[in-house]
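Novice: Here you go, one structure.
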Amino acid sequence: MCRQFKCLKAVDRVFVSQFTCLCVVTFCVILPIICLHLRHSLYYLLWEKNVAKGRDRMRADNNKRIEEANEYLKKVSDARTLHEPNVGHETMNHIDVGITIITVSRNRHRLDNYEPKYLTQVVAKFMKAIEETSNLKHTYQLFLCDVDPNSSSYAEIKPLSKLVPIFQRFRSDLNVTVVWSTMSISERLEKEKRDYVFCGRKTLNANVSNIFLVEDDALPHEDLLPVLDRVISNVFDKTKSDHIHHQKNVTYIKFYHPERLLGYISLEPERIPELFCLSFLMSTVMMFCYRKYRPITSSYTRILWFCFFVYSCSLLLLIGRQNLLELRRMSSQLYQVTRAPACCTPAILYPSKGMEEVLSYLSSVRCKETFGKDYALEKFRTTFKKTGLMVQPNLFTHIGMYSSLRNEVLDPFIV
């Protein structure tokens, strides 16, 4: 190998100069122009990451979504006739997927005077998607699950409860006073788990085959229902004998994972092989094109291919896996299903049997600091050897800068 490097240095100076020029142009000119404002690229993280600007940008985007959501919900409300039954009490026929939005009041002017209205945005987005998405194999029903202990003062949910059936954990006629700020993090995590169990149980009892539990700051993507429909058909609806064991073991499917954790540098076992496989393909294509452009002797091939491989790895790492995943949105068929990581529960789909098992287990454990419901769910999966899957890229955007759990305004780069 050393002899080959010396030979390359002595004889093929042309490639060295060309490869150096390629690297300089790519990493110092082209990528900075393309990636400087591309979130999750290394260039963005190094030069554009500004917490104050990030919060201002999130608030501006949030205001725009609130305006659009209010316009849509007003149209829906105006279209409802007076003789329609109260949606909160109507009897539901059997439905394939019950989508339940778990909600609690945000901010309540403890932090500032801003009203984020995440629930309004999410409800409008779901209602619009269900109304406008065609050619779906399954039926869908939207529910609200109010777990705010002071539900009588939760103003945002009141107009929405006239449009969407609602499950309510705490009676609105009781004057319940819960000082959230005085609760320990362990108490908050335990309440959050109990809220989750309540909402899952109520949805399960609503005559549904699959339960989709969504937190009220998880905004669905336009592709959600087509991808969700296909995933249900591929994972839960198969009847062939060779899929029976797999179907029984799939307890849940996650549709969101924090984007900062979706990069190539990760504890997830498939990420580095994915980087190497894609780099292998790119370097092979580059090597083929280069040999067409400039024929070289076979003694140089391995070294040149290795140079292109390093170039390809560097290119993918600098752009960021999160940004490359966006290319999969070109078709619902391109979305990737992988093993689910432990973290986070903003949007999870359960078959009815899996929901029953999860609810039984969560009811038997107590959450505390460093052991939230997401890690309880992971412990259940590993203990009973169940399968948890995740769909990538994300089909939800986490818009909750105002955290109900932490009672603070979060860093927009970890939302």
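The values are calculated or read from the model by the stated rules, or taken from the named source; none is laboratory data. Please read all numbers here as calculations on a predicted model, not as lab measurements. Ideal geometry is used to build each Cβ from the backbone, glycine not excepted, and the neighbour counts take in all protein chains shown. Ligands, DNA and RNA are excluded from the accessible area calculation, which covers all protein heavy atoms including side chains. Shrake-Rupley method; radii C 1.70, N 1.55, O 1.52, S 1.80 Å.
Novice: So, in the range 45-59, how many residues would count as being over 19 Å from Tyr114 (Cβ atoms) and either in contact with a strand residue (DSSP E or B) (Cβ under 6 Å, 6 or more places away or on another chain) or touching a residue at least 60 places away in the same chain (Cβ under 8 Å) (or both)?
Specialist: 1
Novice: Filter the range 9-33 down to the residues that are touching a residue at least 60 places away in the same chain (Cβ under 8 Å) and over 15 Å from Leu304 (Cβ atoms) and list them by number.
Specialist: Thr26, Phe27, Leu31 - these are the residues of the range 9-33 that are touching a residue at least 60 places away in the same chain (Cβ under 8 Å) and over 15 Å from Leu304 (Cβ atoms).
Novice: Look at the range 31-46 and say how many of its residues are farther than 12 Å from Asn323 by Cα and surrounded by 13 or more Cβ atoms within 10 Å (Cβ to Cβ).
Specialist: Count: 5.
Novice: Looking for whichever is open to solvent by less than 10 Å² (accessible area, probe 1.4 Å), on the phi > 0 side of the Ramachandran plot and touching a residue at least 40 places away in the same chain (Cβ under 8 Å) here; the options are Gly320, Gly354, Gly400. Which one fits?
Specialist: Being open to solvent by less than 10 Å² (accessible area, probe 1.4 Å), on the phi > 0 side of the Ramachandran plot and touching a residue at least 40 places away in the same chain (Cβ under 8 Å) holds for just one of Gly320, Gly354, Gly400, which is Gly320.
Novice: May I pose another question? Kindly indicate which of Ser279, Ser283 is in contact with a Cys (Cβ under 6 Å, 6 or more places away or on another chain), surrounded by 13 or more Cβ atoms within 10 Å (Cβ to Cβ) and modelled with pLDDT of 90 or more.
Specialist: Ser279 is the lone residue from the list that is in contact with a Cys (Cβ under 6 Å, 6 or more places away or on another chain), surrounded by 13 or more Cβ atoms within 10 Å (Cβ to Cβ) and modelled with pLDDT of 90 or more.
Novice: Further question: Please specify each residue of the range 132-155 satisfying the condition of being under 18 Å from Thr100 (Cβ atoms) and either touching a residue at least 60 places away in the same chain (Cβ under 8 Å) or assigned to a helix (DSSP H, G or I) (or both).
Specialist: Matches in the range 132-155: His138, Tyr140, Gln141, Phe143, Ser151.
Novice: What's the number of the only condition in (1) open to solvent by 30 Å² or more (accessible area, probe 1.4 Å); (2) modelled with pLDDT of 90 or more; (3) part of a helix (DSSP H, G or I) that Glu222 fails to meet?
Specialist: It fails just one condition, (3).
Novice: Kindly check whether there is at least one residue in the range 374-395 that is more than 29 Å from Phe27 (Cα to Cα), open to solvent by less than 30 Å² (accessible area, probe 1.4 Å) and of a type in the set (Val, Ile, Thr).
Specialist: yes
Novice: Looking at (1) out of contact with any Lys or Arg (no Cβ under 6 Å at 6 or more places or on another chain); (2) over 21 Å from Ser184 (Cα atoms); (3) in contact (Cβ under 8 Å) with a residue 40 or more places away in the chain, which is the one condition that is false for Tyr361?
Specialist: Tallying (1) out of contact with any Lys or Arg (no Cβ under 6 Å at 6 or more places or on another chain); (2) over 21 Å from Ser184 (Cα atoms); (3) in contact (Cβ under 8 Å) with a residue 40 or more places away in the chain, Tyr361 fails exactly one: (3).
Novice: While we're on this one: Could you say whether any residue in the range 359-373 is surrounded by 21 or more Cβ atoms within 10 Å (Cβ to Cβ) and either aliphatic (A, V, I, L, M) or within 25 Å of Glu222 (Cβ to Cβ) (or both)?
Specialist: no
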